[in-house]
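Below: one structure, written as structure tokens.
The values are calculated or read from the model by the stated rules, or taken from the named source; none is laboratory data. Only a predicted model underlies this, so the values are computations on that prediction, with no experimental measurement involved. Backbone-built Cβ (ideal geometry, glycine too); neighbour counts: all protein chains shown.
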Protein chains: 2
Amino acid sequence: MTVARPRPCSIANSLAVIGERWSLLALREVFFGVRRFDRIAANTGASRDILTTRLKKLVENGVLAKELYQAHPPRYEYTLTEAGLALHPVLLALKEWGDHYVTEGEAPTVFRHDCGAVLHPRTVCDACSRPVPPDSARAVRIGGVPQRSAADSPGAPSPTDT
Amino acid sequence: MTVARPRPCSIANSLAVIGERWSLLALREVFFGVRRFDRIAANTGASRDILTTRLKKLVENGVLAKELYQAHPPRYEYTLTEAGLALHPVLLALKEWGDHYVTEGEAPTVFRHDCGAVLHPRTVCDACSRPVPPDSARAVRIGGVPQRSAADSPGAPSPTDT
DNA sequence: ACCAGTGGGTTGGAAAAAAAGACCCATGAG
DNA sequence: CTCATGGGTCTTTTTTTCCAACCCACTGGT
């Protein structure tokens, strides 16, 4: 009898690093170019002590780096590491979804892409550059468990009980 | 003197709906085809009471729908609404980031795209279909505040103090 | 009829996390 | 000297979360 342990999963792993309250909002600020504690606190609304522990965690996990910009009263700026920059798609996806399904009225934040158009991100397959609707992705393996590739009836694509 | 109120932001709005612990993992399960309470609880590791309130909230916010599949002992399945399906890019982005920067070893979950290749999502501009690196997006407006369109060097794109 | 099992919760108490706000320290400006 | 700024820390109170147990309405087996 298998004990029900949670599914191994990169989404869960990601959330363990950036999934706590305020973490993503702090990262949003750094993406916006706001790199100092006070401003991040003010713009997110996070309380200072929580923000301190979140930033520390993000630094420990290599998402942010702390850079000294003034010695003596040592003062730091938080900057994005490579891993931090790689979160851009996550934030864009969340913003797009929020604009569409949560925020009422105009989107509070708007970007213009290099190409000149207002930015709306779209997710495509890296190999073929075509869109990836939910049903265009077949599971090869879920949570470490190989999926039968056979014709699973639509609507019940291999529930993966484990 | 402006009182520091948190920035209006669709990312924050999104997180208010799906940002609590377990919410995204529950949604992941529904995307995987796991639609019933017990299985979702087992596969995520969430405790039942928390899962109850999370699912209720997701239903209230129109991300999931509850469908009766058996009367009498009334039993429900949770299915994705249009808004729920639209979260696919968010989950893909989180999975991709986790695979890359958090999970050690092989990715626990792998999808194959319709095109035949193993799925790696990429985010592109909907208008020009080109990639969207962090510095290719210029702020038109952030948190409701218009940005000066002048040449802000990347990395310091108008700190938006509000 | 009796019993175990399944599905979807609810309840109560203990433990952990977050919020709010005061406090601290070093430096620089007026 | 005093105030303001930046980056925290400390304490107290309020919220959440976790955990395990319990409940109810069946269903299927014997």
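Residues satisfying the criterion are present in region B:135-154 (criterion: touching a strand residue (DSSP E or B) at 6+ places or on another chain (Cβ under 9 Å) and modelled with pLDDT of 95 or more). Among the residues of region A:1-22, is any in a helix (DSSP H, G or I), within 15 Å of DNA strand C (Cβ to nearest atom) and in contact (Cβ under 8 Å) with a residue 24 or more places away in the chain? Yes, region A:1-22 has at least one match. Considering the conditions (1) within 15 Å of DNA strand C (Cβ to nearest atom); (2) more than 7 Å from chain B (Cβ to nearest Cβ); (3) crowded, with 20+ Cβ neighbours inside 10 Å, A:Thr53 is excluded by exactly one of them, (3). Please go through region A:15-54 and pick out each residue that is within 18 Å of B:Ala16 (Cα to Cα) and of a type in the set (Ser, Thr, Tyr). A:Ser23, A:Thr44, A:Ser47, listed by residue number. Residue selection: B:Ala26 satisfies the criterion of being within 16 Å of DNA strand D (Cβ to nearest atom) and either facing chain A (nearest Cβ under 7 Å) or among the hydrophobic types (A, V, I, L, M, F, W, C) (or both). Return the residues of region B:67-109 that are surrounded by 14 or more Cβ atoms within 10 Å (Cβ to Cβ) and within 13 Å of DNA strand C (Cβ to nearest atom); say none if nothing qualifies. Residues satisfying the conditions are B:Tyr76, B:Glu77, B:Tyr78, B:Thr79. In summary, strands (runs of 3 or more DSSP E) completely within region A:40-139 and bearing 2 or more residues that are farther than 29 Å from B:Asn61 by Cβ occur at A:64-70, A:75-80, A:110-113.
Go through region B:84-107 and give me each residue that's among the small types (Gly, Ala, Ser) and within 7 Å of another protein chain (Cβ to nearest Cβ). Give the derivation first.
Of the residues in region B:84-107, the ones among the small types (Gly, Ala, Ser) are B:84, B:86, B:93, B:98, B:105, B:107.
Of everything in region B:84-107, those that are among the small types (Gly, Ala, Ser) and within 7 Å of another protein chain (Cβ to nearest Cβ) turn out to be B:Ala86, B:Ala93, B:Gly98, B:Ala107.
Taking residues in region B:108-124 that are more than 7 Å from every other protein chain (Cβ to nearest Cβ), and partners anywhere that are surrounded by 20 or more Cβ atoms within 10 Å (Cβ to Cβ) and not β-branched (Val, Ile, Thr), not one pair has Cβ atoms closer than 7 Å while being at least 6 places apart or on different chains. Evaluated against (1) at pLDDT 95 or above; (2) in a loop (DSSP other than H, G, I, E, B), B:Leu27 falls short on exactly one condition, (2). Check A:Thr79, A:Thr44, A:Thr103 and return the single one that is more than 14 Å from the chain's Cα centre (by Cα), more than 16 Å from DNA strand D (Cβ to nearest atom) and among the hydroxyl-bearing types (Ser, Thr, Tyr). Selected residue: A:Thr103, the only one of A:Thr79, A:Thr44, A:Thr103 that is more than 14 Å from the chain's Cα centre (by Cα), more than 16 Å from DNA strand D (Cβ to nearest atom) and among the hydroxyl-bearing types (Ser, Thr, Tyr). Determine if region B:26-41 includes at least one residue that is surrounded by 21 or more Cβ atoms within 10 Å (Cβ to Cβ), within 12 Å of DNA strand C (Cβ to nearest atom), more than 20 Å from A:Val102 (Cα to Cα) and of a type in the set (Gly, Ala, Ser). Scanning region B:26-41 turns up at least one residue that is surrounded by 21 or more Cβ atoms within 10 Å (Cβ to Cβ), within 12 Å of DNA strand C (Cβ to nearest atom), more than 20 Å from A:Val102 (Cα to Cα) and of a type in the set (Gly, Ala, Ser).
Which one is farthest from the chain's Cα centre (by Cα) among residues in region B:1-25 that are among the β-branched types (Val, Ile, Thr) and surrounded by fewer than 22 Cβ atoms within 10 Å (Cβ to Cβ)?
Keep residues of region B:1-25 that are among the β-branched types (Val, Ile, Thr), which gives B:2-3, B:11, B:17-18.
If we keep only those that are surrounded by fewer than 22 Cβ atoms within 10 Å (Cβ to Cβ) too, we end up with B:2-3, B:17.
Details: B:Thr2: 32, B:Val3: 30, B:Val17: 10 Å.
The extreme case among them is B:Thr2.
Within region A:31-40, track down each residue that is more than 8 Å from chain B (Cβ to nearest Cβ) and among the hydrophobic types (A, V, I, L, M, F, W, C). Matches in region A:31-40: A:Phe37, A:Ile40.
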